[in-house]
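Each remark here refers to the structure printed beneath this line.
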Amino acid sequence: MKGLRYQLKNIRRDKMCILSFLLPVIVGFVISLLSGVSLSSLGETAFCILENDLTSDTIEWLQTNGSVTVFPDMVSLENAVNDPATQAIGVLQDRNGIKTLLSGDELQVNTVIGNTLPQLYAERENMALSQTTIIPAEDNNDGLKSLLIVITMVTAMFMGCTFNAMSIISEKEDGIAFINEVLPMAKWEYMFQKITLGFFGGILSAIITALVCMKITVSGILPLLLMIALSAFIAALAGLFIGHFSNGLMAGIVYIKIVMILFLAPPVLFYLAVPMGSITHALSYLLPSSASFYGLMDLLTGKMQDIWINITVLSAHCLVWVLLFFVTAHGKRKKVLTQ
């Protein structure tokens, strides 16, 4: 108990650990504020026109293809088109129909739209005679928010890595680590003492983040808690390894950043770029954070049958990492006693 109080005291003095705990919660709160914001308008084509320049029929046709903003003079219109933040296309009346005004630094898709818009306008009557079936696209708003929520949750669950690593590195710099190496303490007792703070810290951070930004059904509470607990346990063990192999504070920070990047970046890339059921997707489960990421996405999308597969993978990772810790700790303790 005294050891835990000492570690907690070190954590309170470490700004990095405090920020690691609070950052996912703050990001989760920001994501929750997006609940009433539609992101679909971000991909909508924007047209800029002059006041009293185009006919009402032309304006109505443009409005069916994007948003229309009216400007009082040519200078204002050109400024809006040339603004890199707008990606807007200027539309002016021409003797043959309409002409477009581009800034030259648009996205490729907007360049194509701007170049083909006059031709599409000229052939609008022929297009109206054709039978067209419009299949509405799914709103990607929920998908994007789910991705942001899962990234934030995975970050929160694996923050225990930072807690434990910084605690052990601090003990090394204070000389306490030499005392721990010769104490008559069982390996499981040492592991329990060292991972407790990071384990419960990661769980607390993840639960608060989930309460802030996730809407979980009653049937999803148990899988969510299991994934949080298993992920936090793995993160705490990872912090233990980092603390053992770090020779100093700077080396420890570098190792923490590398491990966090490996935990966070690959699952996102695998989820977005690798098809489900492929060999690469199966190999991605070698990273424990991949199972956490896929499990949370399944939870948010309602695929309850796949969640237990990810929980099983996380449980296997916990077993492997515990065995690896015992093997490493045994070898290091034997080396210290022989010296």
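The values are calculated or read from the model by the stated rules, or taken from the named source; none is laboratory data. These numbers were taken from a predicted model, which means no experiment stands behind them. Cβ atoms come from the backbone with ideal geometry, glycine included; neighbour counts cover every protein chain shown. Ligands, DNA and RNA are excluded from the accessible area calculation, which covers all protein heavy atoms including side chains. Shrake-Rupley method; radii C 1.70, N 1.55, O 1.52, S 1.80 Å.
Here are a few things to note about the model shown:
- Estimated vicinal HN-Hα couplings, Hz - segment 106-112 in sequence order (Karplus 6.51, -1.76, 1.60; Gly, Pro = x): 6, 5, 4, 5, 6, 5, 5
- Annotation: the antiparallel percentage among DSSP beta bridges lying fully within segment 40-129 is about 40.
- 17 Å cut-off, amide nitrogen to a point 7 angstrom out along SER315 Cα→Cβ, residues in segment 225-247: 225-234
- Each Cα pair under 8 Å and six or more residues apart adds its separation to the average, and for segment 40-129 the resulting relative contact order is 25 percent.
- Summing charges over all other residues whose Cβ lies under 13 Å from the Cβ of PRO223, with Lys and Arg as +1 and Asp and Glu as -1, gives -1.
- Stretch gain in nm, segment LEU283-ARG124, where the contour uses 0.36 nm per residue and the Cα spacing is subtracted: 52.2 nm
- Placing +1 on the Cβ of every Lys and Arg and -1 on the Cβ of every Asp and Glu, with no other charges, gives segment 40-129 a dipole of roughly 180 debye about its Cα centre.
- Taking amide H as placed 1.01 Å from N in the peptide plane, the amide H of PHE71 sits under 5 Å from that of ILE49, LEU50, GLU51, each at least 5 places away or on another chain.
- C-alpha center-to-center spacing [segment 283-331, segment 111-125] in angstrom: 52
- Vicinal HN-Hα couplings computed from phi for segment 77-83 (Karplus, 6.51 cos²θ - 1.76 cosθ + 1.60; Hz; Gly/Pro x): 5, 5, 5, 5, 5, 7, 5
- Each of ILE49, GLN108, PRO72 was scored by the projection of its Cα onto the charge dipole of segment 40-129, and the greatest displacement toward the positive side belongs to GLN108; charges sit on the C-beta of Lys, Arg, Asp and Glu.
- With all protein chains in place and a 1.4 Å probe, the accessible surface of segment 40-129 carries 49 percent carbon and sulfur.
- Scaled against the 2.2 N^0.38 Å expected of a compact globular protein of N residues, the Cα radius of gyration of segment 40-129 reads 1.02.
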